[in-house]
1. Rounded, prolate or oblate, given the Cα gyration tensor of segment 375-422, with a/c below 1.5 counting as rounded?
2. Neighbour counts of other C-beta atoms within 10 Å: give me PHE108, PHE391, PHE188 arranged from fewest to most.
3. Please list, in chain and number order, the residues 5+ apart from VAL269 or on another chain whose amide H is under 5 Å from its amide H, with Hs placed from the backbone.
4. Which whole-number percentage describes the relative contact order of segment 284-354, with Cα contacts under 8 Å and a sequence gap of 6 or more?
5. First measure r as the distance between the Cβ atoms of ASP289 and ALA113, then evaluate 1/(1 + (r/R0)^6) with R0 = 22 Å and state the FRET efficiency to the nearest 0.05.
6. Taking neighbour Cβ counts within 10 Å as the exposure measure, how do LYS191, LYS114, LYS159 sort from fewest upward?
7. Over all distinct Cα pairs, what is the inverse of the mean 1/r for segment 284-354, reported as the Kirkwood hydrodynamic radius in Å?
8. Which of the three applies to segment 214-261, rounded, prolate or oblate, going by the alpha-carbon gyration tensor with a ≥ b ≥ c and a/c under 1.5 meaning rounded?
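The numbers here are math on the coordinates, done by the rules we state, and not lab data. Source: prediction; values computed, not measured. As a convention, Cβ positions derive from the backbone with ideal geometry for all residues, glycine included, and neighbour counts pool all protein chains shown.
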Amino acid sequence: MSGVYEHFFDVMEDLGFFEHIYEELPEDFTAVFEIARILEDETQELSKRLMPVLALQTSGGVVQERESSPDPQIYLDVREEYEAGMIRSPQHLPRIYNYQWLLPEQVFFSKLAKKELWVPYPRQPHYFGVDPESDEYQPDSRKQKLYVLLDTSSSMAIKNRINLAKAIVYYFLKTNMRELGYIQLRTFDTKIGELHEAKDSAGFQALISYVMRLHALGNGTAMARAIRQAVDDINALPQLAGTEILIITDGACALNETEIRTLLGKSIVINTVKIGRTQIMASKSYIHDRIFEDDTDQHKVIGRLQRRQRELQHQYDTAQSPHLRRRFEESLRAIKQEIDRQVNAMTEEIIVGYGHELERLSQLYLQVDDIDLPGLFNVREEQEQEIRRLFEQIATDLDMVCSLEQLRKLALLIDHLNVLIKNTHDRELRARLEELQKEITSRLTHCIEAELQQGGDGVFRSLAAADRHDLDFLLASASSLHINLWRAFIWKILSRFRKLAGRS
């Protein structure tokens, strides 16, 4: 069979969903598979939008002959290529292609507002593993060093943002595995998560499994603390020199841009994927503090105007001549208008820039709209047929022997059909998917009941310790309101098996 689901179980195993289930799995966890396959299709709009992040490469440097180096792994490269891209930040304005300065002023500013000006962006060379014939993970100091900050705040549960974030992490790590050198990851919400790292194949697989099991939990986004922690981690280890930070978040937040820019220095780069269009507004008290209390050039101008206003007010109050009072009154009116103009200009500047500090701090900043799973998945009849053929292959194997591996495959198909049913607009197709789910559930029921009728002499008798751990987890979690259908069903059947085993 070839198609969308040819490698479904292989991917589930990569994601850590196929084997042990000691922890409660996130809701709709198999949706990551569907999103990841969309990212693999370069013709998809979502894939095109995220490609700059999915193709992140190592920073360049100075070429050295490897033979002359005491460490054969050292490799620094100054080669820099460029590719055209739309302007991403006003800071890139001086770098636009020169011919665009000749555009009519109105056209120029229109293109600037729509981010349609062309800018040459550096494109780093592609690095390969030490042994290009090998498919295994191969550490090499030429390869990328990346520090991922993954937002797990409760808002990430909205509109499948957390599943999109997981798919980005999975796709990035999986497709760049041979080029990776050292990957670190922390989650953040109101708290900063523990540090996880991958520097070999086992660590890489463990990191994927950890990310896939994450839940969106926290009620806030401690972005500034997360960045400070990442910088501290990077600075603490010499081998992390040149590490880039990748932030995946849905949160708009206000940051002390000057402080963080100082922390980053010239050696640490931030890249950001912002999911959704969440925005924050500056409060009146914040605007007041920025205008009248911060030590800025604008504040100094307003301060001088206010002092002059107080002097004129005093002169107006003490003037004896009506003529002088009229002159001071006109001057007061003019200076008040100038203060109001300055305050309004500063207020507008604060409002426009507030909450966009992360965008200005990022070398690469991608804004991705919330995904519409029904529209993104675009479930078709061919997919239903592919899943049916998968089921038929498993059923054929079950006719010969009822194995735990086949039962788990059936369980994953049932869970994945749940995801597709929830995200299918076509009523007729949804009805067929529901019918297929019932068929698979019925077959799972039949197989387990047949094993139980043997008194546990079949597959259950040969369970390894880890498998029994899985089944104990199923039994212990059965009362959970969020448990998936197949887990509740297996609990019901296996509880009967436990009674049989107790009597034997």
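1. Oblate, since a/c reaches 1.5 and b/c is not below a/b.
2. If I rank by nearby Cβ atoms, fewest first, I get PHE108, PHE391, PHE188.
3. ILE245
4. Values: 34 pairs, mean separation 25.8, N = 71.
Here the relative contact order equals 36 percent.
5. Numbers: r = 30 Å, r/R0 = 1.34.
FRET efficiency, ASP289 to ALA113: 0.15.
6. LYS114, LYS191, LYS159
7. Averaging 1/r across every pair of different Cα atoms and inverting gives 13.3 Å.
8. The shape class here is oblate.
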